[in-house]
1. So what's the stretch 510-615 giving for Rg/Rh, alpha carbon basis, Kirkwood Rh from the mean inverse pair distance?
2. On a C-alpha basis, how far is the centre of the stretch 362-430 from the centre of the stretch 471-490 in Å? Whole number, if you could?
3. Can you give the extra length, in nm with one decimal, that the chain gains between residue 202 and residue 456 once fully stretched, where that is 0.36 nm per residue apart less the Cα-Cα distance?
4. At a temperature of 4 °C and a viscosity of 1.567 mPa s, determine how fast the stretch 562-615 diffuses translationally according to Stokes-Einstein, using the Kirkwood radius over alpha-carbon pairs as Rh; express D in µm²/s, rounded to the nearest whole number.
5. Using a 7 Å offset from the Cα along the Cα-to-Cβ direction at both residue 281 and residue 416, what is the distance between the two label points in nm, to one decimal?
6. Kirkwood Rh, Cα Rg: Rg to Rh for the stretch 510-554?
7. Dipole magnitude of the stretch 48-142 about its Cα centre, charges +1 at Lys/Arg Cβ and -1 at Asp/Glu Cβ only, in debye to the nearest 20?
8. Would you calculate a helix-derived [θ] at 222 nm for the chain, using -39,500 (n - 2.57) for each DSSP H run of n ≥ 4 and dividing by the full residue count, to the nearest 500?
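The values are calculated or read from the model by the stated rules, or taken from the named source; none is laboratory data. Predicted model, so just to flag it, every value in this text is computed and none were measured. In this analysis, Cβ positions are derived from the backbone assuming ideal geometry, glycine residues included, and neighbour counts consider all displayed protein chains. What goes into the accessible areas is simple: the full protein's heavy atoms, side chains included, and nothing from ligands, DNA or RNA. Shrake-Rupley method; radii C 1.70, N 1.55, O 1.52, S 1.80 Å.
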Amino acid sequence: MSLNSVVESVTARIIERSKVSRRRYLALMERNRAKGVSRPRLACGNLAHAIAASASDKPELMRPTSTNLGIVTTYNDMLSAHQPYGRYPDQIKLFAREVGATAQVAGGAPAMCDGVTQGQEGMELSLFSRDVIAMSTAVGLSHGMFEGVALLGICDKIVPGLLMGALRFGHLPTILIPAGPMPSGLSNKEKQRIRQLYVQGKVGQDRLMEAENASYHSAGTCTFYGTANTNQMMVEIMGLMMPDSAFINPNTPLRQAMTRSSIHRLAEISLNGEDVRPLAQCVDEKAIVNAAVGLLATGGSTNHTIHLPAIARAAGIIIDWEDLSRLSAAVPLMTRVYPSGSEDVNAFNHVGGMPTVIAELSRAGLLHTDIMTVSRGGFADYACRASLQDDEVVYTHAKPSLDRDILREVSAPFKADGGIKLMKGNVGRGIYKSSAISEEHLTVEAPARVFHDQHDVATAFQNGELEQDVVVVVRFQGPEANGMPELHKLTPTLGVLQDRGYKVALLTDGRMSGASGKVPAAIHVGPEAQVGGPIAKVRDGDMIRVCAVTGQIEVLVDAAEWDARDVVPPPPPALGTGRELFALMRSVHDPAEAGASAMLAQMDRVIETVGDDLH
């Protein structure tokens, strides 16, 4: 089928907007390839340092035409999703030797868990950890020892950070290798029910702890369709991992076979391989649009309305929320996976998973099928199901969904649109995710209750101060204020109020988790309060309309009065838990719509200074 006209026009819009920055990016990547640091160009002393501990691999590493694969790992054994990576480097080295290559751990990057830091001080480091991961990736690859890169990462800021760093070494072929979701435990719906009962004081901490342990119970990603699993979907639909590898459980034969297949393929596409496929050529404007379409079709995390622009910018590509909103109007919602449905990602994968989604979207003309991927057969390979046969990964064509309560065809979706809406009004510009919102809650008009700290919302709830229709405004939560923490801890509280029959919405310049669900939320509102954005003018009792139908976030006061109001001054910066170390990043970041990255903001300024004269 021919390409959908909206997908085509948005892609053209992005290409035109990115013309200069993309040209400069590709020129820099060509400079890296032709003149940058690489193993054949290292002096003897440089090379000797790099191979001193390589034992039997030394002869191969000294041979300039051999292939050496760099591993960037985000392993730690506190984070369940990344614990399986502890064994990967040794396995990868064995798999590389099977095809005449070598592998070294280029470096490690931190991997923090938003589940651990949710509602805690450490969450204020979360978003900017993405820049730290990108820079850590760059540090590892800066040694110039590698002809290909294996990225080991899976969760929230981690995959975007890895890609942002690797894209600045985009002359190198690169594959992301996932570890997979943990097996299903306590259902996410039941977990959420227990959380709401706890908020109401109807169950104690022991019952809550029992439910949480039953939900998060083993190695692997959390099983809800939050940011971590949305990462995996997006990387797969961009063609940057092996087909159908996103949602295979850890510590299974197929998972290990897929890792082996990934390394064999990485050797083939490496700089000295027979089928060279640099990351810079794989991540183009069409691949970014495919990622956006996948996000919308599957009801993925709103965090990617920040991460996708940042990943794109690292490749010289500029996208905005208008692009996402236009695509959303054309891309139907095909899945119901918690929090937008009752089943988890394991159930989604069982009934068809990514191969069925990609096959359906491709047939409907909603994906660019002509992108360069890491797979030998190109994008068509991603519409195939993987299985194990005689210890080898084999593929068969994707089949229709086995359960239409979880995954549907494009022609009969759960909703006609993808559920990401650009919101605008006198309070600013933000994002709204409607895929899990009931029709009767799409428009909320209610008085404001204003807070500067998410913990004060819980206190007000416990004191009975929120027993009414209410738009909860939580401000001074943007990148410059406190690093833009997720406010997912508010979800159970606001959910209880909604269940009691009140009209409830959240308005914030902060973020929500990928697990945010049934409560309407206009988030990422900018300009943020910290820089004098209009959200800093809102007062308790102001009537506010949050309407996903019209895309409106409006404070319903007289325009002259609104214009005359002063903004509320910001609270003093919070210290402790290392937050003071990130003051520099808070002071030089970009707005959320551009990716909220201090690193990219400064990078773009430097590139603009140099312009097209790389010499």
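1. Details: Rg = 18.1 Å, Rh = 17.1 Å.
Looking at the stretch 510-615, the ratio lands at 1.06.
2. Cα centres, the stretch 362-430 to the stretch 471-490: 32 Å.
3. Length gained, residue 202 through residue 456: 89.4 nm.
4. Working: Rh = 14.2 Å.
In µm²/s, the coefficient rounds to 91.
5. 4.2 nm
6. Values: Rg = 11.8 Å, Rh = 12.1 Å.
Ratio value, two decimals: 0.98.
7. Numbers: 6 positive and 9 negative charges, 92 e Å.
With Lys and Arg at +1 and Asp and Glu at -1, about 440 debye.
8. Values: 24 runs with 237 residues, N = 615.
The per-residue figure over the chain is -11500 deg cm²/dmol.
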